[in-house]
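A.B. asks: Pasting a structure here, questions to come.
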Amino acid sequence: MADKAPDASIHAIVGALLILDALVIGYAPAGPWDSSSFTIGIIGVTGLCMWYVAWYRLTFKRKGLIPWLDQWQTPKESSPKVFALGIATIALAWASGNPLQEYLPNPTGLVLMLVGLLISLSGIYVMLSTGPLAD
């Protein structure tokens, strides 16, 4: 029986609606923490997570969250690009935490730094796995 690719459209649509609310509409209850801005942040991060799940399903044609090394088509060529994206995200984190701090919520730089470090770690892992640490 052939495996059918999981549907990613619901995750993409819900993620887009949540991000639209967080960036444009700004509707959020105060929640138990009495801060509607914190709730908007939670809504935005949830929307980004939904987009990631949709991207994963579209890219790898399966359910899951972690792209294993055997799922990459060209890991030797892709890993430097992934690492460069991680470094660019870290640079964006620095910019959002320093010169752009007054325009963005306080934890923006911290969240972007975490994402950038995770992306960089993934790129380094693949470079080492296909290079010096390969079988």
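The values are calculated or read from the model by the stated rules, or taken from the named source; none is laboratory data. Remember, it's a predicted structure, so these values are computed and weren't measured experimentally. Please note: Cβ atoms are built from the backbone with ideal geometry, for glycine as well, and neighbour counts cover all protein chains shown.
A.B. asks: Could you please let me know if Gly44 is within 26 Å of Leu121 (Cβ to Cβ), surrounded by 18 or more Cβ atoms within 10 Å (Cβ to Cβ) and of a type outside the set (D, E, K, R)? Steps first, please.
C.D. replies: Values: within 26 Å of Leu121 (Cβ to Cβ): yes; surrounded by 18 or more Cβ atoms within 10 Å (Cβ to Cβ): yes; of a type outside the set (D, E, K, R): yes.
For Gly44, the condition - within 26 Å of Leu121 (Cβ to Cβ), surrounded by 18 or more Cβ atoms within 10 Å (Cβ to Cβ) and of a type outside the set (D, E, K, R) - is met.
A.B. asks: Would a scan of segment 50-61 turn up a residue that is of a type in the set (Phe, Trp, Tyr), more than 30 Å from Lys4 (Cα to Cα) and in contact with a helix residue (DSSP H, G or I) (Cβ under 6 Å, 6 or more places away or on another chain)?
C.D. replies: To start, the set of residues in segment 50-61 that are of a type in the set (Phe, Trp, Tyr) comprises 51-52, 55-56, 60.
Among the residues that remain, those that are also more than 30 Å from Lys4 (Cα to Cα) are: none.
No, there is no match, as no residue in segment 50-61 is of a type in the set (Phe, Trp, Tyr), more than 30 Å from Lys4 (Cα to Cα) and in contact with a helix residue (DSSP H, G or I) (Cβ under 6 Å, 6 or more places away or on another chain).
A.B. asks: Give me a count of the residues in segment 56-99 that are of a type in the set (Lys, Arg) and closer than 23 Å to Leu128 by Cα. Steps first, please.
C.D. replies: Taking segment 56-99 first, the residues of a type in the set (Lys, Arg) are 57, 61-63, 76, 81.
Narrowing further to those that are closer than 23 Å to Leu128 by Cα: 76, 81.
Final tally of qualifying residues: 2.
A.B. asks: Among the residues of segment 1-41, write down those that are farther than 17 Å from Leu58 by Cα, charged (D, E, K, R) and either surrounded by fewer than 11 Cβ atoms within 10 Å (Cβ to Cβ) or free of Cβ contacts under 8 Å to residues at least 12 places away in the same chain (or both).
C.D. replies: Asp34
A.B. asks: Being outside the structural domain of Leu18 (by TED's automatic domain parsing), at pLDDT 90 or above and part of a helix (DSSP H, G or I): is that true of Met113 here? Before you say what the answer is, go through the steps one by one.
C.D. replies: Numbers: outside the structural domain of Leu18 (by TED's automatic domain parsing): yes; at pLDDT 90 or above: yes; part of a helix (DSSP H, G or I): yes.
For Met113, the condition - outside the structural domain of Leu18 (by TED's automatic domain parsing), at pLDDT 90 or above and part of a helix (DSSP H, G or I) - is met.
A.B. asks: Right, next: If you take the residues in segment 54-72 that are without any contact (Cβ under 8 Å) to a residue 24 or more places away in the chain and over 22 Å from Ala12 (Cβ atoms), which one is surrounded by the fewest Cβ atoms within 10 Å (Cβ to Cβ)?
C.D. replies: Going through the qualifying residues, I end up with Asp70.
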